[in-house]
Amino acid sequence: MHVATRDELSAALDDFVRRFRAEPRLKQMTRDWNRTIHVAADDVAGAEFTLRLEDGELSLQPGPPAGPAELAVRADLATLAAIFRGEMSPTEPYMSGRLRIAASEEDTMRLDVVTLMIWDA
């Protein structure tokens, strides 16, 4: 079995950001949805990243956010990497409890729509 690394998760998130930026509908849809998203792997120390969405622009920084995050996305590193590469739908790991999202219901739904637009576009 392949064991994913922190660098693979970083590359998957970089690709996710690139795909987000390439989809003009996402910029329009998120222009008024400013959020900090903390992505953290439960099984690899230091595998934490911050996605910042501001005025329709998405950016990625290594490490946890400097302040509070409106959304927190946690799972094992392999699951996170597969989801952000578009190889795995988040539905099954979310329903089984392997993927945990701490956010308001509205933020969770918006994140789901963003993910669908990136991978199903």
(request) Collect the residues in the range 24-58 that are touching a residue at least 40 places away in the same chain (Cβ under 8 Å), part of a strand (DSSP E or B) and over 11 Å from the mean Cα position of the chain (by Cα), keeping them in residue-number order. (result) ARG35
(request) Report, ordered by the first and then the second residue, all pairs with beta carbons closer than 6 Å, sequence separation of six or more or different chains, a first member in the range 61-82 that is more than 16 Å from LEU111 (Cα to Cα), and a second member that is among the β-branched types (Val, Ile, Thr) and in a loop (DSSP other than H, G, I, E, B). (result) LEU77/VAL44
(request) Test ALA40 against the criterion of being surrounded by 13 or more Cβ atoms within 10 Å (Cβ to Cβ), modelled with pLDDT of 95 or more and under 17 Å from ALA82 (Cα atoms), and give yes or no. (result) yes
(request) Evaluate the following for PHE20: is it free of Cβ contacts under 8 Å to residues at least 60 places away in the same chain and touching a helix residue (DSSP H, G or I) at 6+ places or on another chain (Cβ under 6 Å)? (result) no
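So that you can scan it fast, the table gives a plain yes or no per residue for (1) over 19 Å from GLY86 (Cα atoms); (2) crowded, with 17+ Cβ neighbours inside 10 Å:
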| residue | (1), (2) |
| --- | --- |
| ASP15 | no, no |
| PHE20 | no, yes |
| ARG25 | no, no |
| ASP32 | yes, no |
| LEU60 | no, yes |
(request) Please enumerate the residues belonging to the range 88-103 that are hydrophobic (A, V, I, L, M, F, W, C), surrounded by 13 or more Cβ atoms within 10 Å (Cβ to Cβ) and not in a loop (DSSP other than H, G, I, E, B). (result) ILE101, ALA102
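The values are calculated or read from the model by the stated rules, or taken from the named source; none is laboratory data. As the structure is a prediction and not an experimental result, all values here were calculated from the model. Cβ coordinates were reconstructed from backbone atoms using ideal geometry, including for glycine residues, and neighbour counts include every protein chain displayed.
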